[in-house]
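Have a look at the structure below before the remarks.
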Amino acid sequence: MSITRFLQDWSFTQIGGGEGTKDGEWLQTSEFPTSVHVELLKLRRIPDPFVGLHEWDVQWIGESEWAFRSSFAVTDEELNSSNVDLVFDGLDTFAKVDLNGRRILEASNQFVSHRVAVKGNLKAGTNELILTFESAFLKGRDIERQHEKLALWNGDSSRLHVRKAQYNYGWDWGPVMMTVGPWKPISLQSYENRIADLDVRNQVSEALDVKLIVEFTFSEKAPGLASLVLKAPDGSIEASATKISTDTGHAKVAFDFEAGKLDLWFPVGYGKQPLYTVEAELASENGEVLDTKSLRIAFRRARVVQDKLVDQEGLTFLFELNNVRIFCGGSNWIPADSFLTTVTPERYRAWLQLMVDGNQNMVRVWGGGIYEHDAFYDICDELGLLVWQDFMFGCGQYPAYDSFLESVQVEAEQNVKRLRHHPSIVIFAGNNEDYQVAESLKLDLNYDDETSDFRETNFPARYIYERTLPEIVNKYCDIYYHRASPYSGQGKPTTDKTLGDLHQWNVWHGSQEPWHNWDILAGRFVSEFGMEGFPNIRTVDHWLGGNKSERFPQSRINNNHNKADGFERRLELYLVENFKHSFEMESYVYYTQVMQAETLASAYRLWRRNWRGRGREYTAGALVWQINDCWPVTSWAIVDYFLRPKPAFFTVARELRPFTVGMTRKEHKTFVDDRSADDFTIETRLEIWGTNSTLADKKVTLEVTSFDLDSEWRDKWSKEVVLAQNSSTELHKGELPGQPIRTKQSEVPRVIIVSARLIDENGDVLGRYSNWPEPFKYIRFPAVEDLGLKATVGADGESVTLSTNKPIKGIVLDAEGDDLKWSDQAIDLVPDDRQTVKAVGLKGREVKLRYLGDGTA
């Protein structure tokens, strides 16, 4: 039987001594795998780089050389095995490995694992393993000088030559943290023969019958027998094969299942996530078990559909699972920490469960981080989260010289093989925004050219994205390959809104459009868009480290904890256009959060309207940039580093509920004739629609109530409507109630708030939305004492019921002291529509309420 032992006893040193260790001083690691920053921080040899300006006090770590050392015993039994290997799952990044004084490996790619046969270098008793890490930053600069300096967005240009997590070099939301060390396990494996690869594929036809194909690759061409068992989620055996010959080093078995025999895997919200297990066993001729391997799999038919549309140009870009077309509402994912070894399976689960709790069904693993740990994808499989997986190229003009290509080839093969069995992964994308960089630089970019080699052009990486990666993906898996994100295809640039996927950054970046224009900024699949907002005030106070003199929005420390170019101008642009606001710290946090919440909710609301049924899937997905942070920072994240959801998380969750209602109001100016500029009318029109992501039509009552903020006037009407399955449905078009037609620009419109609710046959509210006149800065809000706002805590001590006599916009709840877990935030409240919010951990504390017009601005 093969034996695997993980090497756990390690120490480390700074080569030649320095700020980390004295010359010759070896420090015991607290854990393994690990990295230098993590260990020095635990030993209190460096300040916390996430606090204050200390990020800049630890930059020497990334420009130093480090060594890790382990002594481990080897038994005679292990040495008697035919094979003994050292397996390095991940080394960050340029590492030389010496075993008992002999060089056995030189590594140069963080994303690659290495298996080294070491039987001849081992001895019975104590053996010594030393890993020596060069500075990836300095080494990258040297490689860049040997080749060429290339263009990029974010970070140092040398990163383009280094196969390391690109965000380590700094990004517009992350610090410069050049990590170094053995970031994945290292093990000693002894064996006679082993299952070197287990390729498990399943093909689900349109009729939903299933073919399961399993291919074995063995490390040795040796006599023996293999067996395979497919187990159902309850552990019962669905199929098995025995006495599979291993003589050639390869074997293949296949099974066929009629439709309905196996349970299919669906995305969350569309069905269950049954997970099956494939168990493989390798035995010698005499029946001795030599190796086992198991994979958890599922069965689903996953397609990317690009069909012609009714009424609009271009093609769809949508995901279809088991013949069901899915509107993908979700988020982009960056690495969950600057220090990857600190991200435990429990932290992964907390993040991913939060996405499901927020009604999201897709996560995009962005191309500037890492191919995530197995635990990440295992949890996505369990929860039903679809995964859009980028290859690790981001925002740059990457090279394609031979040694770089060879490294990329190994990286891609290994990671495709590792990830391919996960039912959650439905697309591989070649890179993040590299074609956009090429477009901005006006590089050689004839999108109609499907035959060139590209390596001799000024955009050599096209060879990687259009030759290397698709060839590997097509050879080693059945997952759909997309050349980039964004990528249009059909010979069109990445900004085309009628094809492929789109990164819509003309809100915040680009032309800095008002967020109200999301409807005209739509694409077939919007895989990035966003708006910044400050995190929870507790997170701000964490990075301030108790420095009260810096507790104002424009302070040096606060600015260091926002890495986006021009962020002050851009934040203030959107704030000043829409809000009357304060610069007091807690108020500023509140207003940026409400702005972010309004911006993102508007996008999801308007783009879900574009999911109009078969042939009219004009927008098939929206993935916000981003769900998470890698350190405490002000960014586009909707949940901060400490897993504290911002108000935007909740407004997005409301827009991704199974049933939603949306509204727009637009002013229409009509001139009496084409000569006069003074003789006109202005009328305000209201449009209302509903969405239904379930697979059955839903009969509901649409209830619409309009309020005048400055008087007691009200208007109310309702009607029975049917929300068509898996689409949006237009429900009403007409004049805005209570708003007179205006004939002069000086006539100030009345402040009319329209509240719409979808109510089912039991009287339950399935969806609600209040539409307010914008910009909010023009509204003269009622005096606080006239609102009649109440927050009543229920008998359970955790239920907070909100009620009011006047409409209120953007209620954010909090309490002094420890953080709470809220069920909702950024609430719009109207009379006679009480809303109850759970506040886990309230424990008798007084509830504080912030809202527009609360007197603090």
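The values are calculated or read from the model by the stated rules, or taken from the named source; none is laboratory data. Note that the structure is predicted; figures quoted are calculated from it, not measured. No Cβ is skipped: glycine too gets one built from the backbone with ideal geometry, and neighbour counts run over all protein chains shown.
Of the helices (runs of 4 or more DSSP H) lying entirely inside segment 521-632, those containing at least 2 residues that are outside the structural domain of ALA857 (by TED's automatic domain parsing), under 18 Å from HIS509 (Cβ atoms) and under 19 Å from the mean Cα position of the chain (by Cα) are 585-609. Going residue by residue through segment 643-658, is there one that turns out to be outside any loop (DSSP other than H, G, I, E, B), modelled with pLDDT of 95 or more, closer than 27 Å to ASP824 by Cβ and more than 24 Å from the chain's Cα centre (by Cα)? For segment 643-658, residues outside any loop (DSSP other than H, G, I, E, B), modelled with pLDDT of 95 or more, closer than 27 Å to ASP824 by Cβ and more than 24 Å from the chain's Cα centre (by Cα): absent.
Scanning for something assigned to a strand (DSSP E or B), in contact with a strand residue (DSSP E or B) (Cβ under 7 Å, 6 or more places away or on another chain) and not hydrophobic (A, V, I, L, M, F, W, C), does segment 23-41 turn up at least one residue? Yes: one or more hits. For ALA677, the conditions (1) within 30 Å of GLN306 (Cβ to Cβ); (2) modelled with pLDDT under 95; (3) among the hydrophobic types (A, V, I, L, M, F, W, C) all hold with the exception of (1). For segment 115-136, which residues satisfy the criterion of being hydrophobic (A, V, I, L, M, F, W, C) and not in a strand (DSSP E or B)? Answer for segment 115-136, where residues must be hydrophobic (A, V, I, L, M, F, W, C) and not in a strand (DSSP E or B): VAL118, LEU122, ALA124, ALA136. Taking the listed residues ASP478, ASP434, ASP449, the one that is free of Cβ contacts under 8 Å to residues at least 12 places away in the same chain and not assigned by TED's automatic domain parsing to the domain that holds TYR276 is ASP449, with no other qualifying.
Of the candidates VAL722, VAL784, VAL754, the single residue that is crowded, with 20+ Cβ neighbours inside 10 Å and among the hydrophobic types (A, V, I, L, M, F, W, C) is VAL754.
Every test in (1) among the hydrophobic types (A, V, I, L, M, F, W, C); (2) in contact with a Phe, Trp or Tyr (Cβ under 7 Å, 6 or more places away or on another chain); (3) over 18 Å from TYR487 (Cβ atoms) is passed by MET355 save one, and that test is (2).
Note on segment 727-748: residues that are surrounded by fewer than 16 Cβ atoms within 10 Å (Cβ to Cβ) and outside any loop (DSSP other than H, G, I, E, B) amount to 4. Residues that are not in a loop (DSSP other than H, G, I, E, B) and not small (Gly, Ala, Ser) within segment 215-233 comprise GLU215, PHE216, THR217, PHE218, LEU225, LEU228, VAL229, LEU230, LYS231, listed in sequence order.
Exactly one of these conditions fails for ALA696: (1) more than 34 Å from the chain's Cα centre (by Cα); (2) part of a loop (DSSP other than H, G, I, E, B); (3) more than 19 Å from TYR778 (Cβ to Cβ). Give me its number. For ALA696, the failing item is (1).
Could we say that THR856 is hydroxyl-bearing (Ser, Thr, Tyr) and assigned to a loop (DSSP other than H, G, I, E, B) here?
The answer is yes for THR856.
Here GLU215 meets the list (1) surrounded by 17 or more Cβ atoms within 10 Å (Cβ to Cβ); (2) within 30 Å of SER82 (Cα to Cα) almost entirely, failing just condition (1).
Scanning segment 2-20 for residues being free of Cβ contacts under 8 Å to residues at least 24 places away in the same chain and surrounded by 14 or more Cβ atoms within 10 Å (Cβ to Cβ) gives a total of 0.
So is HIS114 closer than 30 Å to VAL176 by Cβ, touching a helix residue (DSSP H, G or I) at 6+ places or on another chain (Cβ under 7 Å) and at pLDDT 95 or above or not?
Against the criterion (closer than 30 Å to VAL176 by Cβ, touching a helix residue (DSSP H, G or I) at 6+ places or on another chain (Cβ under 7 Å) and at pLDDT 95 or above), HIS114 does not qualify.
All of (1) more than 31 Å from the chain's Cα centre (by Cα); (2) at pLDDT 95 or above; (3) not in a loop (DSSP other than H, G, I, E, B) hold for ARG44 with one exception: (3). Of all residues in segment 226-250, those that are surrounded by 12 or more Cβ atoms within 10 Å (Cβ to Cβ), farther than 19 Å from ASP199 by Cβ and among the aliphatic types (A, V, I, L, M) total 1. The residue that is surrounded by the most Cβ atoms within 10 Å (Cβ to Cβ), counting only those in segment 483-520 that are among the small types (Gly, Ala, Ser) and not in a loop (DSSP other than H, G, I, E, B), is SER485.
In summary, THR126 fulfils each of the numbered conditions (1) of a type in the set (Ser, Thr, Tyr); (2) surrounded by fewer than 19 Cβ atoms within 10 Å (Cβ to Cβ); (3) under 25 Å from the mean Cα position of the chain (by Cα) with the single exception of condition (3).
Take the residues in segment 659-690 that are under 25 Å from ASP764 (Cβ atoms) and β-branched (Val, Ile, Thr); name whichever of them is nearest to the chain's Cα centre (by Cα). This residue is THR660.
Just checking, does segment 174-195 include any residue being assigned to a strand (DSSP E or B), out of contact with any Asp or Glu (no Cβ under 8 Å at 6 or more places or on another chain) and under 23 Å from ASP478 (Cα atoms)? Within segment 174-195 (the criterion being assigned to a strand (DSSP E or B), out of contact with any Asp or Glu (no Cβ under 8 Å at 6 or more places or on another chain) and under 23 Å from ASP478 (Cα atoms)), the answer is no, since none of the residues qualifies.
The set of residues from segment 234-260 being small (Gly, Ala, Ser), more than 14 Å from SER284 (Cα to Cα) and part of a strand (DSSP E or B) comprises ALA239, SER240, ALA241, ALA251, ALA254. For segment 47-65, the set of residues classified as over 22 Å from LYS184 (Cα atoms) and in a helix (DSSP H, G or I) consists of HIS54, GLU55, TRP56, ASP57, GLN59, TRP60, listed by residue number. Counting only strands (runs of 3 or more DSSP E) wholly contained in segment 307-354, the ones carrying 2 or more residues that are crowded, with 24+ Cβ neighbours inside 10 Å and either within 17 Å of the chain's Cα centre (by Cα) or in contact (Cβ under 8 Å) with a residue 12 or more places away in the chain (or both) occupy 328-333.
Within segment 92-114, being crowded, with 21+ Cβ neighbours inside 10 Å and among the hydroxyl-bearing types (Ser, Thr, Tyr) holds for one residue alone: THR93. For segment 8-41, a residue qualifies if it is of a type outside the set (Gly, Ala, Ser) and either within 30 Å of PHE552 (Cβ to Cβ) or within 32 Å of the chain's Cα centre (by Cα) (or both), and the qualifying residues are GLN8, THR29, GLU31, PHE32, PRO33, THR34, VAL36, HIS37, VAL38, GLU39, LEU40, LEU41.
Taking the numbered list (1) exposed (fewer than 15 other Cβ atoms within 10 Å of the Cβ); (2) among the hydrophobic types (A, V, I, L, M, F, W, C); (3) touching a Phe, Trp or Tyr at 6+ places or on another chain (Cβ under 7 Å) in turn, ALA117 passes all entries but (3). Just so you know, in segment 379-410 the residues that are in a strand (DSSP E or B) and among the small types (Gly, Ala, Ser) include one that is farthest from PRO423 (Cα to Cα), and it is GLY396. Taken together, the residues in segment 394-431 that are closer than 23 Å to CYS477 by Cα and free of Cβ contacts under 8 Å to residues at least 40 places away in the same chain amount to 1.
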